[in-house]
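Participant: Would you mind keeping the following structure in view while I ask a few things?
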Amino acid sequence: MEPSDLAGMALIAAAGPEEALAFIRAGVSSSPVLEVEMTSLLSEAGTARWPGLADALGRWRPRLPSLAPERDMGVMERLGGGLLIPEDPQWPPALDDLQLNAPIALWMRGQLPRIPEQRRCIALVGSRDSTSYGANVTGELASSLVQRGFTVVSGGAYGIDANAHRGALAAAAGGGASPSTLAVMAGGLDRFYPPGNEGLLRAIAEQGALVAEVPPGTNPTRYRFLQRNRLIAALCEVTVVVEARWRSGALNTAHHAEGLSRSVGAVPGSVYSANSAGCHRLLREGAAVCVTDAAEIAELAGSAGNNLAQEPDAATALHDGLGVEDLLLLDALPLRSATSAEKLSVVAGLGMATVLAGLGRLELMGLARRATNGWQRGAV
């Protein structure tokens with residue numbers, strides 16, 4: 001079945017996955033009992049009329065000879081991946097919000113044992129033909145979000161997607177969130193697509209994970225690209241559109257997020273830039289909130305970054321007392337690994353004397369601590 005084939009999802013919901021496959025293989029032309037139950041499920045999902053079970057069987061049965069689950073599992077095992085199904089404890093509950101549109105299963109490739117929980121994931125999406133402005137903003141947002149403890153989710157494509165992943169990976173090298181980034185793909189995970197991003201996608205697989213709802217060997221198509229957007233939106237607490245043309249596919253992701261009652265942000269651009277027309281459209285229609293930095297995105301997510309177990313009011317009270325220089329220094333401090341005062345000076349854009357004085361103040365407040373090889377974010 002193609003992703004989000006509602007008739008197929010209704011059949012699985014009515015009969016269960018194993019029984020659904022057995023029924024398709026059985027060769028019968030229809031089942032009145034199943035058809036009534038499927039019609040009810042489709043009606044609840046908003047599909048008032050559908051061609052019927054016989055029509056759906058005509059779509060599915062020609063694909064039966066090409067089914068080779070053992071082969072597909074073998075391919076993914078050799079690549080260090082596997083299959084995640086809704087019955088697994090690692091299945092992300094955020095996907096349940098898709099209801100009948102939820103995927104049958106997820107193929108995963110990488111070092112990630114489970115997908116981070118929804119409140120830790122932020123989607124950064126946008127045009128494939130991004131401008132230098134969009135690329136720079138995306139990289140900065142991704143890096144800062146990872147330093148705040150979030151995982152950046154995108155689609156692995158050229159442009160904004162690629163810059164989001166690169167910014168997240170760069171921040172991870174300095175001690176940010178783990179995993180720093182996750183790529184949701186439209187085709188099978190046995191090959192990297194697009195080919196020009198092979199090095200990037202390989203790095204994501206080594207440090208995080210690639211995810212797809214289609215098996216190995218499946219070609220990415222326009223339909224599958226549009227369908228995977230719902231997964232990006234569902235997995236994330238906030239979806240941010242950095243750059244998008246008037247009819248960009250990134251707007252599709254934003255609309256999915258809005259339909260799932262997720263927060264949507266849009267980065268403003270020049271009124272003369274066609275690449276920001278879609279963002280301005282979201283803002284004008286009230287579908288998105290204007291965001292300009294990682295702090296505003298974190299505010300939309302409703303958490304204080306990595307301190308997700310801490311009461312937000314307590315964190316806010318601590319940070320409200322900090323000056324601009326101390327806030328810049330705090331944002332530059334890595335969450336897990338340690339870094340030197342010299343590197344903090346470069347990242348925060350502060351002089352060494354200011355950095356050393358600020359580290360002393362942050363240490364007294366419990367917001368920074370000395371490690372054997374430098375400084376890192378405190379536990380407060």
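The values are calculated or read from the model by the stated rules, or taken from the named source; none is laboratory data. Remember, predicted model here, so these are calculated numbers, not experimental data. Please note: Cβ atoms are built from the backbone with ideal geometry, for glycine as well, and neighbour counts cover all protein chains shown.
Participant: Let me confirm something: among 348, 341, 357, 371, which residue is surrounded by 17 or more Cβ atoms within 10 Å (Cβ to Cβ) and outside the structural domain of residue 295 (by TED's automatic domain parsing)?
Facilitator: Criteria check complete, one pass: 348.
Participant: Could you list all residues from the range 61-108 that are in contact with a Lys or Arg (Cβ under 7 Å, 6 or more places away or on another chain) and among the hydrophobic types (A, V, I, L, M, F, W, C)?
Facilitator: 64, 76, 79, 98
Participant: Mind listing just one residue for me: the one in the range 279-290 that is under 20 Å from the mean Cα position of the chain (by Cα) and outside any loop (DSSP other than H, G, I, E, B) and, of those, farthest from residue 129 (Cα to Cα)?
Facilitator: Applying the filter and picking the extreme gives 289.
Participant: Do you know which residues across the range 19-36 are in a helix (DSSP H, G or I), surrounded by fewer than 16 Cβ atoms within 10 Å (Cβ to Cβ) and in contact with a helix residue (DSSP H, G or I) (Cβ under 8 Å, 6 or more places away or on another chain)?
Facilitator: The one that is in a helix (DSSP H, G or I), surrounded by fewer than 16 Cβ atoms within 10 Å (Cβ to Cβ) and in contact with a helix residue (DSSP H, G or I) (Cβ under 8 Å, 6 or more places away or on another chain): 25.
Participant: Right, next: Scan the range 217-230 and report the pairs whose first residue is without any contact (Cβ under 8 Å) to a residue 60 or more places away in the chain and whose second residue is outside any loop (DSSP other than H, G, I, E, B), with Cβ atoms within less than 8 Å and a gap of 6+ or a chain change.
Facilitator: Qualifying pairs under 8 Å: 218/212; 218/224; 226/249; 226/252.
Participant: Related question: Go through the range 246-295 and give me each residue that's touching a strand residue (DSSP E or B) at 6+ places or on another chain (Cβ under 7 Å), farther than 20 Å from residue 225 by Cβ and not hydroxyl-bearing (Ser, Thr, Tyr).
Facilitator: Within the range 246-295, 265, 266, 267, 268, 269, 283, 287, 288, 289, 290, 291 qualify.
Participant: Please work out which one of (1) touching a Pro at 6+ places or on another chain (Cβ under 8 Å); (2) more than 20 Å from residue 218 (Cβ to Cβ) is the condition residue 3 fails and give its number.
Facilitator: (2)
Participant: So for the range 347-356 (the condition being farther than 18 Å from residue 147 by Cβ, in contact with a helix residue (DSSP H, G or I) (Cβ under 8 Å, 6 or more places away or on another chain) and of a type in the set (A, V, I, L, M, F, W, C)), does at least one residue qualify?
Facilitator: First, pick out the residues of the range 347-356 that are farther than 18 Å from residue 147 by Cβ: 351-354, 356.
From the residues that got through so far, the ones that are in contact with a helix residue (DSSP H, G or I) (Cβ under 8 Å, 6 or more places away or on another chain) too are 351-352, 354, 356.
Next cut, of a type in the set (A, V, I, L, M, F, W, C) only: 352, 356.
Yes, the range 347-356 contains a residue that is farther than 18 Å from residue 147 by Cβ, in contact with a helix residue (DSSP H, G or I) (Cβ under 8 Å, 6 or more places away or on another chain) and of a type in the set (A, V, I, L, M, F, W, C).
Participant: Can you pull out every residue in the range 147-162 that is at pLDDT below 95 and part of a helix (DSSP H, G or I)?
Facilitator: Listed by number, the list holds a single entry, 147.
Participant: On to the next question. Anything in the range 230-258 that is over 17 Å from residue 122 (Cβ atoms) and out of contact with any helix residue (DSSP H, G or I) (no Cβ under 8 Å at 6 or more places or on another chain)? List them, or say none.
Facilitator: Of everything in the range 230-258, just one residue is over 17 Å from residue 122 (Cβ atoms) and out of contact with any helix residue (DSSP H, G or I) (no Cβ under 8 Å at 6 or more places or on another chain), namely 255.
Participant: Starting from the range 85-106, take each residue that is of a type in the set (Phe, Trp, Tyr) and list its partners that are surrounded by fewer than 16 Cβ atoms within 10 Å (Cβ to Cβ), counting only C-beta distances under 8 angstrom and pairs at least six apart or across chains.
Facilitator: 91/85
Participant: Additional query: Name the residue that is nearest to residue 86 (Cα to Cα), counting only residues in the range 37-60 that are under 28 Å from the mean Cα position of the chain (by Cα) and surrounded by fewer than 17 Cβ atoms within 10 Å (Cβ to Cβ).
Facilitator: 45
Participant: Only one of 189, 226 is at pLDDT 95 or above and of a type in the set (A, V, I, L, M); which?
Facilitator: 189
Participant: For the range 269-276, does any single residue satisfy the condition of being within 19 Å of residue 138 (Cα to Cα), in contact with a Pro (Cβ under 8 Å, 6 or more places away or on another chain), in the same structural domain as residue 130 (by TED's automatic domain parsing) and crowded, with 17+ Cβ neighbours inside 10 Å?
Facilitator: yes
Participant: May I ask you to list the residues in the range 148-202 that are in contact with a Gly (Cβ under 6 Å, 6 or more places away or on another chain), among the small types (Gly, Ala, Ser) and either farther than 29 Å from residue 75 by Cα or touching a residue at least 40 places away in the same chain (Cβ under 8 Å) (or both)?
Facilitator: Passing the criteria: 149, 167, 177, 188.
Participant: Continuing with this model, one more query. Return the residues of the range 94-134 that are assigned to a helix (DSSP H, G or I), at pLDDT below 95 and under 17 Å from residue 186 (Cα atoms); say none if nothing qualifies.
Facilitator: Matches in the range 94-134: 101 only.
Participant: Can I ask one more? Got at least one residue in the range 44-63 being among the hydroxyl-bearing types (Ser, Thr, Tyr), assigned to a helix (DSSP H, G or I) and outside the structural domain of residue 204 (by TED's automatic domain parsing)?
Facilitator: No, because not a single residue in the range 44-63 is among the hydroxyl-bearing types (Ser, Thr, Tyr), assigned to a helix (DSSP H, G or I) and outside the structural domain of residue 204 (by TED's automatic domain parsing).
Participant: What number of residues within the range 66-84 satisfy the criterion of being within 15 Å of residue 1 (Cβ to Cβ) and either assigned to a helix (DSSP H, G or I) or in contact (Cβ under 8 Å) with a residue 12 or more places away in the chain (or both)?
Facilitator: We begin by selecting, within the range 66-84, every residue within 15 Å of residue 1 (Cβ to Cβ); these are 66-67, 69, 72.
This time we only want the ones that are either assigned to a helix (DSSP H, G or I) or in contact (Cβ under 8 Å) with a residue 12 or more places away in the chain (or both), so: 66, 69, 72.
Number of matching residues: 3.
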